[in-house]
Amino acid sequence: MASLWQYANPKKFMQTTSVLLPVVAVLAALTLGTGLIWGFFFTPDDYKQGATVKIIYIHVPAALMAINAWLMMLVTSLVWFVRRHHVSALAARAAAPIGMVMTLIALFTGALWGQPMWGTYWAWDPRLTSFLILLLFYLGYIALWEAIESPDTAADLTSVLCMVGSVFALLSRYAVNFWNQGLHQGASLSMDAEENVADVFYIPLLICIAGFGLLFVALVLARTRTEIRARRLQALIARERMA
Amino acid sequence: MTVTDLACARGGMPVLEGVCFAVRPGTALLLRGPNGIGKTTLLRTLAGLQPALAGAVSAPPESIAYAAHADGLKAVLSVAENLRFWARIFGTSGIEGALAAFDLGDLADRQAQNLSAGQKRRLGLARLLVTGRPIWVLDEPTVSLDAASVALFGAAVRAHLAAGGMALIATHIDLGFTAEVLDVSRFRAAPQRLDDFDEAFA
Amino acid sequence: MTVTDLACARGGMPVLEGVCFAVRPGTALLLRGPNGIGKTTLLRTLAGLQPALAGAVSAPPESIAYAAHADGLKAVLSVAENLRFWARIFGTSGIEGALAAFDLGDLADRQAQNLSAGQKRRLGLARLLVTGRPIWVLDEPTVSLDAASVALFGAAVRAHLAAGGMALIATHIDLGFTAEVLDVSRFRAAPQRLDDFDEAFA
Amino acid sequence: MIALFARDMVLAMRAGGGFGLGLAFFLIVTVLVPFGVGPESGVLSVIAPGILWVGALLSCLLSLDRIFALDFEDGSLDLLATAPIPLEGVVAMKAAAHWVTTGLPLVLAAPVLGLLLNLQGAGYGWLVLSLALGTPALSVIGSFGAALTVGLKRGGLLLSLLVLPLYVPTLIFGAETVKRGAAGLAAGTPALMLAGITLASVALLPFAAAAAIRVNLR
Amino acid sequence: MIALFARDMVLAMRAGGGFGLGLAFFLIVTVLVPFGVGPESGVLSVIAPGILWVGALLSCLLSLDRIFALDFEDGSLDLLATAPIPLEGVVAMKAAAHWVTTGLPLVLAAPVLGLLLNLQGAGYGWLVLSLALGTPALSVIGSFGAALTVGLKRGGLLLSLLVLPLYVPTLIFGAETVKRGAAGLAAGTPALMLAGITLASVALLPFAAAAAIRVNLR
Amino acid sequence: MMPDLGKYAVAVLSSYGVTLALLAGLVGLTLWRGARVRRQLDAVEQRRGEKQRGDNGQT
Ligand code: HEM
Ligand SMILES: Nc1ncnc2c1ncn2[C@@H]1O[C@H](COP(=O)(O)OP(=O)(O)OP(=O)(O)O)[C@@H](O)[C@H]1O
Ligand SMILES: Nc1ncnc2c1ncn2[C@@H]1O[C@H](COP(=O)(O)OP(=O)(O)OP(=O)(O)O)[C@@H](O)[C@H]1O
Ligand SMILES: [Mg+2]
Ligand SMILES: [Mg+2]
């Protein structure tokens, strides 16, 4: 089998994804639709939290995707920095706005959940706080991409920012934990059964997580394709002007 | 210094390609060419400020003293302080020679912000003398200079060449000394075909 | 425009005094003089950017279009946008003539920051055409220009003069057209005696 | 003069999102304060009006030095001074552009940030009102400061030093309006004072600023 | 490289008092907060550690964009990049000069300003210690941000946006040190963390910053 | 069919509403920009294709 890196070739990437993208998009729509409808219409209320548990079906997947998007940007930035595959840099650029929207969704749903549960929309809980910081990282990263005109320069600088930023994001997480012990739920998706939520909530939640994941992949593919086209468009226009 | 088959780009677009020339010690080469052809781009590539797309330069950037459109002067430092700073950065000593060569003795204690356009330029050129580097790469050095100052500049270049140095000068006007001339317009990069998708990512 | 007995100062020090000259409609006057003699200072005074110490200028600053060492271009605006802005500020309309006169048509949509030094200068000069003012006061206008662009500039000045305009140009080099020449070094301000205490506050 | 305003808006938009960034700074100041002060919501809600106003003031302040400095550096200011429009008009237009790119977004975003600092119920309306009344004064006063320091290298910090004392009355009345509003008291008097300051600044300061620019160009 | 440091110090001194102004801004922030928040000394002493640290951070931030921007504009940075000293050294020297002109005065002046905000007894020592440990990190991280944005028009606010999230850990540990110190609790752990952050930043970030400058000059 | 959300109706419904709106916005923006860039690229490539045919006289 040829090396995995062949998919970093723009042409090959466009060919592969033109087949892959529709499949992923349809799968994403189906899974997400199933998960959300199941979660919203066909799950019982929690004895303690009442109907608000229904928020979990969007809150948790969005929160997970927000983190995963950053991780993906970190990996693709490293790939660009080391091997200089353009598709990699453009994929990082494509993923950032998705990650930002996911962060926003997690924040919004969390805030709306917080009002009935904790009596306030916002509290400086460590997990909430680190999401706010993540949002700032996303904003800075996107703003840097937008501010620089030359595409390779922008790719280089944003990848450096992403790498340094990741280290500091991790540091912030520890700092914030040190600073305040919070109200927020611990991880309940862990394997030890005592902590786990009941199956009635658990299965639709898993489906929703899969749906958000697929949606994320579909969006990244679509946006990366657009970025590649935009890059080519820019090059062609420049050359036309020179001729 | 020999340059072989050099290609350089500005803003992601190749502007010059296949640039070949040689400068022997003790000689100068004048680059000419219409506005926007890529002289500045070429000189920046030689100075090591941007990577070449292709080709080779025999001289390392460490042997090159580069003087650009901007002079790198600090407005609040005096003429002597500006020069002394660059001398220390380049590890040379003694700025008197440079001051004398460009007739800056009287202005030595004047702050750079209180110089006229031509006086600033003279100071920028005097910096070359304190770098102690053998290859001068100059981008339109005589902008704003009057005839007397152009003559000073010519004398400085001749002295540098006589000491075995080299000079590569992009200019539109007459510098008052004879040197080989290279018109860079013949290295103009051909518009690429871009048939393959990859090429947009060169 | 007649200038009588004008004296002007830079940094609190008189640099020129007793400047007298006249420019008739349809003619140009070239100012020459060594670096630092005070050409820029004189032109800024005429343009109304600094007050004269003494003397009179017959033309009001409102009839003067001034072009300095700096071009007043916005890096992120395109060539056309830059020109159109100045046209609107000066209440004129139509930038096509200016674009054509300086061969900027191809570059009209390029951002100013992506121009080469000479292209920027051409744009700065094109601005003069959209001011619609009769007296051009230019400080070293052909810096960085190649021969072809200098010719364009010469043509623009001739057209302006033919339409009854005037031009006053400080330059060190040959502009490729004939005009009266005035060497400002003979107006150099005499070092003052400063006998009276007040005079230090002139 | 409309052309000047339009150009400044375009420049703000193109040059790396002039709109977003003033706002981002406001956001960030509001976010940093809890990190420094600690997460206790009681303390935060007490200091919220003051911090929000100080944050708005600082984010205005940060973009001030660009009002004239960029135009000075590239020679545009020389050209504008010799153009057939009054320099007072130039100042007014530049201050207006500054307000639209900096003050206005702050006004709109303030309620959300109030949430972060746990601002109390009735305060939100007063917060928006006081910022809408007060930020134009910040822009105009700031333009005056910027006019005084145009042409100075590193004028940025000197500018802050000059402008901040001038901002004090605006800050006091602005924060007081919000504080009274949040506490459910009558907030009309400080709000009126705020409006008065704004009107007077807008009417008079452009003249002072234009005079300062003329001196600085000389 | 010493020459570079010396030049930057001279420039800071001549160009309108680089020393005084960072400090002045710190002073002014600390003074404005009571105007905004109100004069109750109880509230002030609770928020004092946080506000002092936020003020220090903001006054560092304000002078950041000048670290490389001035040298970029006048062409010095091009020349330094081709000079026989490593660019990493240039970055380190510039960060050091920034710290001496901005951070160091803050450290020395902080106790006086603590007084204004009614900081509690034992806090003063910890305030000075934490600022001394933390401000070098602020300068180095700031240089990294400045290197990323050098050459961008209006990079100033983008710079703030990029740098502030990176400042969060420093701020939290710094303010926490002072808070615990002022409350008479053990403040060793956050102080150690602060020292760790500073050491790591000083050791690693100059490399990232030099890489960014090389890319930006290209 | 609509489940009874009780006193939490506002929180739950607005959560879903905001989420769906944000997601729809993101998807819409992605599709819109994709289509626009694609259109522009097609236009440019067509123009180039014509020019190249014109240049070397082939079809
Ligand atoms: C406004 C801000 C909030 C943010 C940024 C936020 C963030 C997060 C994140 C990142 C996760 C995923 C963690 C993981 O699975 O490891 C999560 C999970 C969760 N959140 Fe929130 N949250 C917020 C508010 C709330 C509120 C107010 C509640 C309810 C009272 C809540 C309840 C939950 C629950 C039940 C989980 C699932 C935990 C699990 O199963 O792992 N969150 N939240
Ligand atoms: N960022 C950019 N993007 C695209 N093209 C650019 C960019 N910057 C410059 N150019 C173009 O690159 C070309 C080469 O510019 P360069 O400055 O090297 O020319 P030059 O020969 O030095 O001209 P001059 O004699 O006017 O100084 C010019 O046509 C210019 O318009
Ligand atoms: N702020 C200042 N204080 C004192 N002297 C100054 C100041 N600024 C400029 N000068 C001096 O004033 C004189 C006139 O300068 P000006 O710029 O008018 O000269 P110029 O004729 O335009 O020279 P060039 O041909 O080099 O442009 C110069 O000798 C200059 O050194
Ligand atoms: Mg050039
Ligand atoms: Mg001059």
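Quick look at the numbers
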quantity: Considering residues of the stretch B:116-126 that are within 10 Å of another protein chain (Cβ to nearest Cβ) and touching a residue at least 40 places away in the same chain (Cβ under 8 Å) only, the residue nearest to the chain's Cα centre (by Cα); calculated: B:Gly124
quantity: Qualifying residue in the stretch A:55-63 (condition: in contact with an Asp or Glu (Cβ under 7 Å, 6 or more places away or on another chain), more than 25 Å from A:Gln6 (Cβ to Cβ) and part of a helix (DSSP H, G or I)); calculated: no
quantity: Cβ pairs under 9 Å, 6+ apart, first in the stretch C:14-39 and modelled with pLDDT under 90, second among the hydroxyl-bearing types (Ser, Thr, Tyr) and within 16 Å of ligand 4 (Cβ to nearest atom); calculated: C:Asn35/B:Ser144
quantity: Any chance A:Trp38 is open to solvent by less than 30 Å² (accessible area, probe 1.4 Å) and in contact (Cβ under 8 Å) with a residue 60 or more places away in the chain; calculated: no
quantity: Residues located in the stretch D:177-195, provided they are within 12 Å of chain E (Cβ to nearest Cβ), surrounded by fewer than 24 Cβ atoms within 10 Å (Cβ to Cβ) and at pLDDT 85 or above; calculated: D:Arg180
quantity: Subset tally (residues that are surrounded by fewer than 24 Cβ atoms within 10 Å (Cβ to Cβ) and out of contact with any Gly (no Cβ under 7 Å at 6 or more places or on another chain)) for the stretch D:33-45; calculated: 7
quantity: Pair list, Cβ under 6 Å, 6 or more apart: the stretch D:91-105 residue assigned to a helix (DSSP H, G or I), other residue at pLDDT 90 or above and open to solvent by 10 Å² or more (accessible area, probe 1.4 Å); calculated: D:Val91/D:Pro206; D:Ala92/D:Pro206; D:Ala95/D:Val140; D:Trp99/D:Pro136
quantity: One residue from C:Leu115, C:Leu145 being more than 16 Å from ligand 1 (Cβ to nearest atom), in contact with a His (Cβ under 7 Å, 6 or more places away or on another chain) and open to solvent by less than 10 Å² (accessible area, probe 1.4 Å); calculated: C:Leu145
quantity: Check on C:Leu125, more than 16 Å from ligand 4 (Cβ to nearest atom), in contact with a strand residue (DSSP E or B) (Cβ under 9 Å, 6 or more places away or on another chain) and open to solvent by less than 10 Å² (accessible area, probe 1.4 Å); calculated: yes
quantity: Cβ-Cβ under 9 Å pairs, at least 6 apart or on other chains, the stretch A:109-126 side open to solvent by less than 20 Å² (accessible area, probe 1.4 Å), far side away from ligand 2 (no atom under 16 Å from the Cβ) and among the acidic types (Asp, Glu); calculated: A:Gly114/A:Asp125; A:Trp124/D:Glu40
quantity: Filter pass, C:Ala67 being at pLDDT below 85 and open to solvent by less than 20 Å² (accessible area, probe 1.4 Å); calculated: no
quantity: Subset of the stretch A:94-125 [touching a Pro at 6+ places or on another chain (Cβ under 9 Å) and within 11 Å of chain D (Cβ to nearest Cβ)]; calculated: A:Ala123, A:Trp124, A:Asp125
quantity: Residue, farthest from ligand 1 (Cβ to nearest atom), within the stretch B:92-112, restricted to residues that are among the small types (Gly, Ala, Ser) and open to solvent by 70 Å² or more (accessible area, probe 1.4 Å); calculated: B:Ala100
quantity: Filter pass, C:Asp103 being away from ligand 3 (no atom under 16 Å from the Cβ), at positive phi and not assigned by TED's automatic domain parsing to the domain that holds C:Pro14; calculated: yes
quantity: Qualifying residue in the stretch A:87-110 (condition: of a type in the set (Ser, Thr, Tyr), within 23 Å of A:Ala175 (Cβ to Cβ) and not in a helix (DSSP H, G or I)); calculated: no
quantity: Qualifying residue in the stretch E:55-69 (condition: surrounded by fewer than 24 Cβ atoms within 10 Å (Cβ to Cβ), part of a helix (DSSP H, G or I), away from chain D (no Cβ under 12 Å) and in contact with a Gly (Cβ under 6 Å, 6 or more places away or on another chain)); calculated: no
quantity: Residues satisfying the stated conditions in the stretch C:157-183, i.e. within 16 Å of ligand 3 (Cβ to nearest atom) and within 12 Å of another protein chain (Cβ to nearest Cβ); calculated: C:Ala170, C:Thr171, C:His172, C:Ile173, C:Asp174, C:Leu175, C:Asp183
quantity: Matching helices (runs of 4 or more DSSP H) fully within the stretch C:1-114 where at least 1 residues are away from ligand 5 (no atom under 16 Å from the Cβ) and away from every other protein chain (no Cβ under 11 Å); calculated: C:79-89, C:96-101
quantity: Unique residue being aliphatic (A, V, I, L, M), surrounded by 18 or more Cβ atoms within 10 Å (Cβ to Cβ) and closer than 30 Å to A:Leu112 by Cβ when the list is D:Val163, D:Val107, D:Val91, D:Val112; calculated: D:Val107
quantity: Hits in the stretch C:135-156 - residues which are more than 22 Å from B:Ala147 (Cβ to Cβ), away from chain B (no Cβ under 14 Å) and more than 15 Å from ligand 5 (Cβ to nearest atom); calculated: C:Ile135, C:Trp136, C:Ala155, C:Ala156
quantity: Pick from the stretch A:158-167, criterion buried (at least 23 other Cβ atoms within 10 Å of the Cβ) and facing chain E (nearest Cβ under 8 Å), ranking: farthest from A:Leu134 (Cα to Cα); calculated: A:Leu161
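Matching residues to (1) in contact (Cβ under 8 Å) with a residue 12 or more places away in the chain; (2) in the same structural domain as C:Ala59 (by TED's automatic domain parsing):
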residue	(1), (2)
C:Ala80	yes, no
C:Asp109	yes, no
C:Asn114	no, no
C:Val157	yes, yes
C:Thr171	yes, yes
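The values are calculated or read from the model by the stated rules, or taken from the named source; none is laboratory data. Since this is a predicted model, take the numbers as computed values, not measurements. Every residue, glycine among them, receives a Cβ derived from its backbone with ideal geometry; neighbour counts consider all protein chains shown. These accessible areas exclude ligands, DNA and RNA; they are computed on the full protein's heavy atoms, side chains included. Shrake-Rupley method; radii C 1.70, N 1.55, O 1.52, S 1.80 Å.
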